[in-house]
Amino acid sequence: MTDPKKFKDILFEVKDQVALITINRPRVLNAFREQTLDEMIYAVQSTREDPSIACIVFSGAGDKAFSAGGDFYAMKRLNFTNAAMWNDRMQGLAMAIRGVSIPVIAKVNGWCMGGGHELALWCDLVIASDDSVLGQSGAKVGACPTVGATQYLPRIIGERLAREMIFLARRFTAAEAVDIGLINKCVPKKDLDAETLAWCENIKSNSSQTIRMTKKSLNYESDQMYASWQHGMELLAHVWGSEECLEGMNAFLEGRKPDFQKFRIKNKAELANYLDGLKKHLNAPPDMRDFPKE
C-alpha cells in the first residue's frame, strides 16, 4: 500500500512539515484492528522518504477517544497459533515509532486505554486535553499489557505506581497524569490543537541532526529491553484465545461484568484433584502404588 488515499482505517497527511496520523474509527472509539496497525506502520515509515518532515502527530478521530486499544472483535479471533499475526504488528508499530529519527507526539483526546495507552507510551511526547483519561484495562478484560506497558511504565512513573496501574487497572485524568510524569502536558480541550501545533513549530525551529542523534541516545537503555518485548509477546500468545481472555472480552462487548472468579474456583478444584492424586500415589505406575486397594 503506497497511496494514502487507499487507507481505510486512518487519515494521513503531511501539512507544513508535520505528518498527521489519525486513527479514523470513531464508531469503536478508535480501537484498532490488524488493518489499522498495518496502515499506521506504513504511515510512520513513509516519513523517512521526506527529510523535511519535522515530526509526527498521532490522534484519534472525533471527540471521545484517542484510542480504546485493540478492537475486541479482532482480538477474539486470536489464539496461540495465530498470535504472531497481531503481536508482531503491535511490536512493529512500536519499533517504527521508536526507530524513526523524528519526534512522535501523541495528541490525546478523551479515552486513552489499554493498547491505545501503549501507543501513547511508544511516542516521544504526550499532550492531552483536560477531559482525557489514561489507563491500562488488561486486568478488567483478560488481556496482558506486555507490548510496552510492563516495560515502560515502571521507568516512567515508578515500579509501585506501575503495578497499581496494571494490577488494579487504575485510571488517571490528564491532570493527574502530568503530576506523575505519565504525560508531558494537559491543556483545555479547546486549546489542544493549537498547543500541539506550537510544539511542532518549536521542533521545526530546532536542529534535525541534534534531534536524530539525541533520540537514538535517549532510546539506548530502553532499547536493551527488546528481549523483554519478545518474552512479553510469547506470554501474550498463550493468553489469546484462552477461556479467561474470552470471558473478559465477551463481557465487555455484552455490557456486563466479567466473571473471573469462576476461573479461580476451577483452578482450586483442579489443584485439589492433583494433590489428592499425590496422596493416592497416582504419580506412579499402578503396580507401584503402595496404598490399600478397595
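The values are calculated or read from the model by the stated rules, or taken from the named source; none is laboratory data. All values derive from a computational prediction rather than experimental measurement. Here the Cβ positions follow ideal geometry from the backbone for every residue, glycine too, while neighbour counts run over all protein chains shown. Ligands, DNA and RNA are excluded from the accessible area calculation, which covers all protein heavy atoms including side chains. Shrake-Rupley method; radii C 1.70, N 1.55, O 1.52, S 1.80 Å.
Details
- The length gained on full extension between D276 and K204, counted as 0.36 nm times the residue separation minus their Cα-Cα distance, comes to 19.0 nm.
- Considering only beta bridges that DSSP places wholly inside the chain, some 30 percent are antiparallel.
- Which listed pairs, of K107/K216; K185/K257; K8/K64, have C-alpha distances above 30 Å, in listed order: K185/K257
- Nearest-ten-degree value, helix 83-99 long axis tilted from longest Cα axis of the chain: 30 degrees
- Computed label-point distance, nm, for sites Y73 and A175 using a 7 Å Cα→Cβ extension: 3.7 nm
- Solvent-accessible area, 1.4 Å probe, carbon plus sulfur percent, for the stretch 1-109: 50 percent
- Relative packing of peptides 30-37, 137-144 - highest average C-beta neighbours within 10 Å first: 30-37, 137-144
- On a per residue basis, the chain carries 54 Å² of accessible surface, using protein heavy atoms and a 1.4 Å probe.
- When the alpha carbon coordinates of the chain are projected onto the principal axes, the ranges are 86, 39, 36 Å, largest first.
- Charge dipole magnitude, Cβ of K and R +1, D and E -1 - the stretch 1-112, Cα centre, debye nearest 20: 340 debye
- The gain in end-to-end length when the R160 to N82 segment is fully stretched comes to 24.7 nm, 0.36 nm per residue minus the alpha carbon separation.
- Among 109-116, 129-136, the order from most to least packed when residues are scored by Cβ within 10 Å on average: 109-116, 129-136
- Inter-part distance, the stretch 252-294 to the stretch 127-149, computed on C-alpha centroids, equals 34 Å.
- A crude spin-label estimate for the pair K190 and H231, with each label 7 Å from Cα along the Cβ direction, gives 4.9 nm.
- What the Cβ-Cβ distance of D223 and F263 gives, at R0 = 30 Å and to the nearest 0.05, is a FRET efficiency of 0.25.
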